[in-house]
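*Asks:* My structure is below; once you've seen it, I'll send some questions.
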Amino acid sequence: MPSVEGVPARQAALQILDGVLRRGQTIDGAAQQIRGLRPPDHALAVAIAGETMRRLPDLDAAIDSATRQRLPDDSKARMVLRLALAQKVGLGTPEHALVATALPLVDGGPRRLVHGVLGTLLRKGLPAMDAPHLPEAVEARWRQAWGDDVVAAARRQIATRPALDLTFADNGEARAYDGVSLAPNHSRVGSSAVTELAGFGEGRWWVQDLAASLPARLIPESARQVLDLCAAPGGKTMQLAAAGHSVTAIDSSKNRLVRLKDNLDRTHLAADLITADALTWNPKRMFDAILLDAPCSATGTFRRHPEVLHRARPPIIAASADMQARLLKRAAQWLNPGGILVYSVCSLEPQEGEEIVRAFLAVHSEFAIDPVGEGDAPDFVTSSPEGWVRILPGLLEAEGGLDGFFMARLVRKG
Ligand SMILES: C[S@@+](CC[C@H](N)C(=O)[O-])C[C@H]1O[C@@H](n2cnc3c(N)ncnc32)[C@H](O)[C@@H]1O
């Protein structure tokens with residue numbers, strides 16, 4: 001068959017989906033392994049894979065409605081159908097183009113099958129999929145933890161790519177920037193190429209979801225020596241440095257610390273950087289405040305990374321929770337009396353948030369919750385009766401929403 005324009009991008013999308021669904025990779029991780037594509041084709045492949053992952057259960061339901069026998073989950077025919085239909089629903093690709101670029105991806109019998117199923121579905125029309133189902137297990141978990149309204153909000157939010165949030169070192173610059181400022185030092189802009197936005201080269205801002213900017217805001221101004229544990233790529237390190245703290249930033253990943261260093265250089269900010277595993281590292285000093293933004297399942301970032309909902313299965317969440325409990329226990333040893341420890345995760349799983357802090361306080365009577373109150377955080381943030389902050393889908397929805405997050409501020413009693 002002669003080569004059809006647009007097929008290499010679909011071939012690459014298929015490879016990315018395979019990496020995500022069969023090998024547990026992230027979309028970005030799988031995309032990095034693809035070589036030799038023109039940048040627009042690479043971007044299109046990533047976009048197709050993203051749109052597919054946003055609506056996977058609904059795409060599968062549509063495919064199943066048009067086949068007599070259920071296609072195996074990892075069959076090439078199902079993979080090709082998923083990405084073809086995702087282009088129709090998510091990217092508005094014309095039908096002739098999505099058929100012409102899907103068929104060369106499969107041979108023989110499967111090609112006839114794909115052609116037939118696409119024909120049937122396109123003729124009868126696809127459902128809207130503007131509030132698609134999340135994976136069944138995730139919906140069940142979140143319904144139990146947060147209720148129906150949150151699941152409904154999450155469905156609406158997964159359908160579209162969120163806007164870009166920028167954090168500025170200088171609040172005056174944030175307010176003057178061409179965007180919507182929802183908090184001090186923040187501006188929200190339409191999604192576009194980051195490097196093309198004004199002020200990138202000068203390092204006036206960095207990209208950081210508004211929810212991700214909240215934990216560093218809970219560190220008291222008076223804290224001089226601040227430890228940023230699990231710091232890379234450094235959104236929170238930059239906030240802390242910009243706020244005038246003397247920051248020590250640790251991360252176990254050398255590569256990610258290189259990114260942190262690049263970020264600090266670009267924004268003309270400074271911190272002491274240490275590559276170390278926080279589970280074995282021992283500091284030479286004590287700190288006035290510690291920010292532990294722990295590694296987690298990252299299910300709160302599903303708007304930007306829809307694949308996290310398919311990867312974060314219960315054993316992964318349990319392993320994360322175990323790591324978080326161990327990191328928190330270590331961090332607690334390095335705080336001066338009266339010092340503040342902020343614990344945060346970009347997860348929507350209580351197991352990685354509320355349950356970690358409850359279990360920690362049950363055995364660390366020298367710590368107490370320092371409730372997040374008015375004036376500690378932007379107005380839209382309200383604390384729970386326990387005093388911690390839980391950011392759920394649905395918050396600020398009219399303004400474009402936020403990532404899901406948990407944060408608690410703990411004080412070491414004097
Ligand atoms: C949620 S990310 C941190 C994001 C960062 N705070 C920011 O705002 O840009 C978690 C980080 O923890 C690091 N990490 C995981 N296990 C660690 C450990 N045992 N010691 C130190 N860092 C660790 C990972 O390399 C990763 O960079």
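The values are calculated or read from the model by the stated rules, or taken from the named source; none is laboratory data. Everything quoted here is computed from the prediction, not taken from an experiment. Because the Cβ atoms are built from the backbone with ideal geometry, glycine has one as well, and the counts that use them run over all protein chains shown. Surface accessibility is based on the protein's heavy atoms, side chains included, excluding ligands, DNA and RNA. Shrake-Rupley method; radii C 1.70, N 1.55, O 1.52, S 1.80 Å.
*Asks:* Just one of Asp149, Asp170, Asp165, Asp130 is acidic (Asp, Glu) and over 24 Å from the mean Cα position of the chain (by Cα); which is it?
*Replies:* Asp170
*Asks:* Let me ask something else about it. From the list Leu17, Leu81, Leu56, Leu71, exactly one residue is surrounded by 14 or more Cβ atoms within 10 Å (Cβ to Cβ), within 16 Å of Thr93 (Cα to Cα) and modelled with pLDDT of 95 or more. Which is it?
*Replies:* Within the list Leu17, Leu81, Leu56, Leu71, the selection yields Leu81.
*Asks:* State all residues of the stretch 289-325 that are of a type in the set (D, E, K, R) and open to solvent by 50 Å² or more (accessible area, probe 1.4 Å); if no residue qualifies, say none.
*Replies:* Listed by number, the residues that qualify are Arg304, Arg311, Arg313, Asp322.
*Asks:* Six or more apart or on different chains, Cβ under 7 Å: which pairs go from a residue in the stretch 217-230 that's within 13 Å of the ligand (Cβ to nearest atom) to one that's of a type in the set (D, E, K, R)? Could you list them?
*Replies:* Filtered contacts from the stretch 217-230: Val226/Asp288; Asp228/Lys236; Cys230/Asp251; Cys230/Asp293.
*Asks:* Name the single residue, out of those in the stretch 243-257 being more than 6 Å from the ligand (Cβ to nearest atom) and open to solvent by 40 Å² or more (accessible area, probe 1.4 Å), that is nearest to Ala325 (Cα to Cα).
*Replies:* Taking the candidates together, the pick is Lys254.
*Asks:* Something else: Can you spot a residue in the stretch 294-307 that is within 13 Å of the ligand (Cβ to nearest atom), free of Cβ contacts under 8 Å to residues at least 40 places away in the same chain and either among the charged types (D, E, K, R) or part of a loop (DSSP other than H, G, I, E, B) (or both)?
*Replies:* For the stretch 294-307, residues within 13 Å of the ligand (Cβ to nearest atom), free of Cβ contacts under 8 Å to residues at least 40 places away in the same chain and either among the charged types (D, E, K, R) or part of a loop (DSSP other than H, G, I, E, B) (or both): absent.
*Asks:* Looking at the stretch 106-132, which of the residues that are surrounded by 18 or more Cβ atoms within 10 Å (Cβ to Cβ) and in contact with an Asp or Glu (Cβ under 8 Å, 6 or more places away or on another chain) is nearest to Met53 (Cα to Cα)?
*Replies:* By that ranking, first place goes to Pro132.
*Asks:* Return the residue satisfying two criteria in turn: it lies in the stretch 332-371 and is among the small types (Gly, Ala, Ser) and part of a helix (DSSP H, G or I), and of such residues it is nearest to Val226 (Cα to Cα).
*Replies:* Ala332
*Asks:* While we're here: Among the residues of the stretch 151-187, what is the count of those that are in a loop (DSSP other than H, G, I, E, B), among the aliphatic types (A, V, I, L, M) and open to solvent by 50 Å² or more (accessible area, probe 1.4 Å)?
*Replies:* 0
*Asks:* Next question, about the same structure. Could you check the stretch 242-257 and list, in sequence order, the residues that are part of a helix (DSSP H, G or I) and either more than 23 Å from the chain's Cα centre (by Cα) or aromatic (Phe, Trp, Tyr) (or both)?
*Replies:* Listed by number, the list holds a single entry, Ala242.
*Asks:* Moving to a separate point now. When the residues of the stretch 231-242 are filtered to those that are surrounded by fewer than 24 Cβ atoms within 10 Å (Cβ to Cβ) and in contact (Cβ under 8 Å) with a residue 60 or more places away in the chain, which remaining residue is nearest to Gly300 (Cα to Cα)?
*Replies:* This residue is Gly235.
*Asks:* Report, by residue number, each residue of the stretch 275-291 that is hydrophobic (A, V, I, L, M, F, W, C), in contact with a helix residue (DSSP H, G or I) (Cβ under 7 Å, 6 or more places away or on another chain) and more than 9 Å from the ligand (Cβ to nearest atom).
*Replies:* Met286, Phe287, Ile290
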